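Data first, discussion second: the structure below is written as structure tokens.
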Amino acid sequence: MDPLTWTGALGDWLDPVLAVAAALFGVAALASVLAGLVLPAPALAVNPDGTLAVRRNLRSWVDAGLRGAFAFLILVVLLYLAGGLLLPYGDAGIVGAMVRRFLPVWIALALTFALSIRFKRRLGLYGKLFDSTVGMVGFGLVMFWVFTALFVGLFDLIATHDPLAAVSGLKNKPPGVPVPGADLPAPGAHYLLGGDNLARDVFSRMVHGSWIVVQIAPLATVFSFMVGITLGLPAGYHGGRLDAVLSFLSNLILAFPVILLFYLLVTPEIAETGIPSYMAVGLFLFPILFVGVLLWSRYRTDPRRAATLMVPTLLVLTWLYLSLVSQAETPIRFMGPLDLFDVPGGILVVFVSVVFVNSPTVFRIVRGLTMDIKTRDYVAAAQTRGESTWYVMLWEILPNARGPLIVDFCLRIGYTTILLGTLGFFGLGLPPDSPDWGSTINSGRQLLSVFPHPALVPAIALLSLVLGLNLLADGLREESLKD
Amino acid sequence: MPQIGTLSSATALLDRGPQPILEIDRLSISFFTRLREIPAVMDFSCAVMPGEAVGLVGESGCGKSTVALGVMQDLGVNGRIVGGSIRFKGQDLARMSEAELRKVRGSQIAMIYQEPMASLNPAMRIGRQLMEVPMLHEGASAEAARARALEVVRDVRLPDPERILESYPHQLSGGQQQRIVIAMALMANPALLILDEPTTALDVTVEAAVVQLVKDLGKKYGTSMLFISHNLGLILETCDRLCVMYSGEAVERGRVADVFDRMRHPYTQALFRSIPLPGADKTARPLRSIPGNFPLPHERPAGCNFGPRCDYFERGRCDAQAIPMFDVPGDDRHDTRCLRWDEIAWDAPLAATEARAKREPGGVVLRMEDLRKYYSVGGGAFGGGDKRVVKANETLSFEAREGETLAIVGESGCGKSTFAKVLMGLETATSGQIMLFNQSIEQQPIERRDVDTVSSVQMVFQNPFDTLNPSMTVGRQIVRALEVFQVGDSDADRRERMLRLLDLVKLPRAFAERMPRQLSGGQKQRVGIARAFAGGAKVVVADEPVSALDVSVQAAVTDLLMDIQRESGTTLLFISHDLSIVRYLSDRVMVMYLGHVVEIGSTDQVFAPPYHPYTEALLSAVPIADTRVEKTHIVLEGEIPSAMRPPPGCPFQTRCPRKRQVPSRDGQEPPGTLCEAEVPPMRTLAQGHQVKCHLPEEVLAGMIPVIRIAAE
């Protein structure tokens, strides 16, 4: 087998075209910036029928040129993708092979976008996202990784090799290297993005890493929000001493160096004392509190229905909670055979630490929003009809604070992803052979100057996911402000 | 130093014949959105002569502020003048370059906005902000600018100008801030002053003082004014001519007296019939609201915009073509945009609406005795610092009967909201008693009240845009109130009751599924009323329920409230600062000032002499849109004192114009010393009419009515 080149046979004629397109775009962008500085803006004129018309001048032609060059560039990129899907394995090189591997993701993305755009007027804020280019790009990037993670984690699709298996002879080999013993030009015949320092497939490790990131980051963020909301609402609503104490505590946590905190939490001596487990006991109690209060305040006028809803929900949640906090090999272990699952110790610690450092920030946001919203008349109306304080907080205030909270949620998943990367980079929490992006970057770091690809690939993956989340948050913010 | 007064130049212009300062000719302004062009102003013409004050009246969304922004050439990125011209002193503003416009704005044309704090830089001392104007526009030296600033601050009648110049905007009260904004506008001797609802954010007595000031300054400086307001009464007091706008068009313009007394457009007529003028009465002569809704800018009807809501609409004629302006002969430059202006019998009396049976008040429902509410404020986070007591309510005593409307009148800080809070149970009283159906509730916070008590005392809130939870459907919010009040025994039953409540407030049942943002202000207020009456409330506190609504909607909502009250025999506590509407709908009136009840009595007693001096000033301050009305002008000096530091003795003594008429106790001290020393006792003047004042009998007896209607 021959090694794969980046673009294969397709690249022989498409690569020069790409170069031309990129050069054109660069020149056009520069010209447009210069024209914006020097030339006057095109004048707008009103037509007799009430429509607006632009009187074209040199500057509008320059801008049109930029748009044309951009469209050309996009077209070339799309050609690469189409080539990868249509040409036989190997003819479109590494890029083509990867495009082909991601085929389920492309289908899922296309379906999502088609359906969402078709029904966007009926989908509220989510639908409005498809009015904003920035939001769509962000959503696309995020969903790319979410679908990748789902297909890898649930159906074992995309990846070409076992992320932990080493193939001798492929240590630190460049992208496109053939796997010894594979004869057919079929998926798995090459390490698409090369091998790392333990001769594992970088491409497979990257897509498997997405499954870990997509599992932990949103869930940890959800827990941070539950904690932050459950504490922030009463602090903002009641104010006074409660607020002073809670705000002081959150300042205390925020003031503590995060990395040092993580080191402390995962040090084996500290883990043995059970501090992280006890923290889990405390922090994971909040979702149960949150859901319980949410349901009770809403249905307190109808105790029968409240009971039928709350008892099963709370039972399930409590069981999950007990299973979660009761871990083998920690001081807290009491469930015995009833224990549903054990989270690997490292992941639990990562989870606890991420929730612990994120919730004070959420607390502050919720507290501020609550202080603003509680002065509204509808809150007074709820008070004067004798609603309980928790009803006012959870059903009158919280839904109206959702705009900023959703935006922050997206941003915070991004931060958490970076935080996970940081933790992995310091070798904290997750096991050293874990394919998550942070650990992979760390292990690729040592030979970075000689073999950059093992570190570069997960770094780019991390970048694109966080960029997507930030763009998504921007798009949501922009669209939620319009009405 | 620049000369004050362009009066001389103005007269010079006059000598050359009538040369308007501002001439707007067939102006059309549109806003362009991604979806469509939205015409905001269409075919609008208007001229402002030197020294003349022109009013621009209309409801929200009619385009009056857009006209002002058009004159300033400040329409933003998507606003554009699509037709017509705006000439300022003969020059077309649209043809000016940015640099020329900058010279005109602020020096030749000045604008005053509704929210004074939004026009002042919070990080700069007042003096610097004022001095900037001549230094920028005329290159004046700092000393000259400062001298001019001092003079202008004195002109706007602010006390202690030196101190004011050294202070920051937040250190001044709302009225003082608005005076500074006016001063800033006058710094450059503008030829034209545009005032966009300059007093809407102010209290009535402060508003009266600011309006008086604007009028006087207009005379002194000879400035032309474009006065934008939704308040017809204010226009009558300030302007020479007015222009009524509806849905982007001027529908009628002319001299104030002509338009007020000989209106020739159905919208103007409908507007006047929907505001409570003296003589309107809730049982004998109810208000007439304008049917239907304001058309959205992109859904305007063909032909006459007002057509679908007009009583005189003629199919095939009024909706056939665009309606031009017609000149009304006989009057001075009086035009109307009505095809049928000479066919309609304008003076025909209003078709008699059925007079409603007056309901006699029943037994006492609510009794307050010596209610006091003090707050202690101050003190740092750890209990340090000095504590102060705010006396929000002092010795409040009154009764309210079943089916009665008791109006509570007062300006901001008078304690009416605190009183409502105590009554609702959001706060507990410091001392005194509240008896609801002979049950004492003043010490019961709302959590400890039983469902019956809670549902029988309910509230309608002021701000329609805030009264409904934006993320819950209208129906759900009413159903929730039913659930909490334990009305109905199943979800289906409660849903049925909710639909009936929507019927009661005259909203279509389909609204149950709507979100609040899909409703107009008046519709939201109706939902708020439905919610308050969900549990069969016996006492409803209405906190300025219509003050934020457009006049034509106000009448409809007020009438709805009255109808429901008449049917259910609810006691209505109507909190308001608008004395016209209070006079129209209330049976009894209670006037509050700084936590004290200063006067209480039946509506007739309060609105006729003898008055408490504060009531007298309040009555005189309310602008009334009726040319027949003559008012005694009483302008109160100074600001409402802070409840944190109330003056000693009578709460009103710092601003009381009649303090000097209180004789001295021993002949030695100056008159009025008594007011500064002692809180006056509550004196009963007539059956049920009480006044808290030291004025002797003969002064009270000698008072003349503030509002007099000239013989017709």
### Selected residue [modelled with pLDDT under 85 and farther than 30 Å from residue A:181 by Cα] from A:16, A:40
A:40
### Query
Before we move on, is residue B:528 under 23 Å from residue A:383 (Cβ atoms) and modelled with pLDDT under 85?
no
### Query
If you go through segment B:417-440, how many residues are under 26 Å from residue B:578 (Cα atoms), more than 11 Å from chain A (Cβ to nearest Cβ) and among the hydroxyl-bearing types (Ser, Thr, Tyr)?
1
### Task
Among the helices (runs of 4 or more DSSP H) lying completely within segment A:227-340, list those that include at least 2 residues that are among the aromatic types (Phe, Trp, Tyr) and within 32 Å of the chain's Cα centre (by Cα).
A:258-266, A:285-299, A:303-325
### Task
Would you check if there is a residue in segment B:92-102 being closer than 26 Å to residue B:188 by Cβ, free of Cβ contacts under 8 Å to residues at least 24 places away in the same chain and surrounded by 17 or more Cβ atoms within 10 Å (Cβ to Cβ)?
yes
### Task
Consider residue B:494 carefully, then state whether it is part of a helix (DSSP H, G or I), farther than 22 Å from residue B:525 by Cβ and within 11 Å of chain A (Cβ to nearest Cβ).
yes
### Message
On the basis of being at pLDDT below 90, crowded, with 18+ Cβ neighbours inside 10 Å, among the small types (Gly, Ala, Ser) and outside any helix (DSSP H, G or I), does residue A:83 make the cut?
### Response
no
#### Entry: Single residue of segment A:376-390 satisfying the filter (surrounded by fewer than 22 Cβ atoms within 10 Å (Cβ to Cβ) and hydroxyl-bearing (Ser, Thr, Tyr)) that is nearest to residue A:298 (Cα to Cα)
A:388
### Task
Check segment B:460-477 and report whether any residue there is touching a Ser or Thr at 6+ places or on another chain (Cβ under 6 Å), modelled with pLDDT under 90 and either at the interface with chain A (Cβ under 7 Å from one of its Cβ atoms) or part of a helix (DSSP H, G or I) (or both).
yes
### Query
Restricted to segment A:395-432, and to residues that are within 12 Å of chain B (Cβ to nearest Cβ) and touching a Lys or Arg at 6+ places or on another chain (Cβ under 9 Å), which residue is surrounded by the fewest Cβ atoms within 10 Å (Cβ to Cβ)?
A:403
### Query
Could you list, in sequence order, the residues of segment B:417-456 that are buried (at least 18 other Cβ atoms within 10 Å of the Cβ) and part of a strand (DSSP E or B)?
B:432, B:434, B:436
### Task
Residue by residue through segment A:298-345, note down the ones that are touching a residue at least 12 places away in the same chain (Cβ under 8 Å), within 30 Å of residue A:396 (Cβ to Cβ), surrounded by 15 or more Cβ atoms within 10 Å (Cβ to Cβ) and not basic (Lys, Arg).
A:309, A:310, A:313, A:314, A:317, A:320, A:321
### Query
In segment A:141-197, what count of residues is obtained for those that are part of a loop (DSSP other than H, G, I, E, B) and hydroxyl-bearing (Ser, Thr, Tyr)?
2
### Message
If residue B:485 meets every condition in (1) at pLDDT 85 or above; (2) facing another protein chain (nearest Cβ under 9 Å); (3) surrounded by fewer than 20 Cβ atoms within 10 Å (Cβ to Cβ) apart from one, which number is that one?
### Response
(3)
### Count - residues of segment B:524-562 that are in a helix (DSSP H, G or I), away from chain A (no Cβ under 12 Å) and in contact (Cβ under 8 Å) with a residue 60 or more places away in the chain
10
### Task
Determine the pairs where a residue that is away from chain A (no Cβ under 14 Å), located within segment B:26-49, has a partner that is among the basic types (Lys, Arg) with Cβ atoms under 7 Å apart, the partner being 6 or more residues away or on another chain.
B:45/B:26; B:46/B:253
### Task
Output the residues belonging to segment A:109-140 that are among the small types (Gly, Ala, Ser) and part of a helix (DSSP H, G or I).
A:110, A:114, A:116, A:124, A:127, A:135, A:138, A:140
### Query
Between residues in segment A:157-185 that are within 22 Å of residue A:146 (Cα to Cα) and residues that are buried (at least 20 other Cβ atoms within 10 Å of the Cβ) and among the hydrophobic types (A, V, I, L, M, F, W, C), which pairs lie under 6 Å by C-beta distance while being six or more apart or on different chains?
A:157/A:151; A:158/A:151; A:158/A:152; A:158/A:207; A:159/A:152; A:159/A:207
### Query
Do we have residue A:283 as in contact with a helix residue (DSSP H, G or I) (Cβ under 6 Å, 6 or more places away or on another chain), surrounded by fewer than 22 Cβ atoms within 10 Å (Cβ to Cβ) and within 26 Å of residue A:427 (Cα to Cα) here?
yes
### Task
From the list B:580, B:547, B:520, B:586, pick out the single residue that is hydroxyl-bearing (Ser, Thr, Tyr) and in contact with a Ser or Thr (Cβ under 6 Å, 6 or more places away or on another chain).
B:586
### Query
Could you say which residue among B:675, B:656 is more than 30 Å from residue B:241 (Cβ to Cβ), in a loop (DSSP other than H, G, I, E, B) and touching a helix residue (DSSP H, G or I) at 6+ places or on another chain (Cβ under 8 Å)?
B:656
### Query
If only one of A:113, A:72 is farther than 22 Å from residue A:204 by Cα, outside the structural domain of residue A:410 (by TED's automatic domain parsing), free of Cβ contacts under 8 Å to residues at least 40 places away in the same chain and surrounded by 15 or more Cβ atoms within 10 Å (Cβ to Cβ), which one is it?
A:113
### Task
Answer with yes or no whether residue A:100 is closer than 30 Å to residue A:33 by Cβ and assigned to a helix (DSSP H, G or I).
no
### Summary
Counting only residues in segment A:377-393 that are more than 16 Å from residue B:537 (Cα to Cα) and not aromatic (Phe, Trp, Tyr), the one nearest to the other protein chains (Cβ to nearest Cβ) is identified as A:377
### Given (1) farther than 16 Å from residue B:111 by Cβ; (2) crowded, with 24+ Cβ neighbours inside 10 Å; (3) more than 22 Å from the chain's Cα centre (by Cα), index of the condition residue B:219 fails
(2)
### Query
Quick one: how many residues across segment B:441-454 are over 18 Å from residue A:299 (Cα atoms), within 8 Å of chain A (Cβ to nearest Cβ) and not charged (D, E, K, R)?
2
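The values are calculated or read from the model by the stated rules, or taken from the named source; none is laboratory data. All values reported here derive from a predicted model rather than from experimental measurement. Cβ atoms come from the backbone with ideal geometry, glycine included; neighbour counts cover every protein chain shown.
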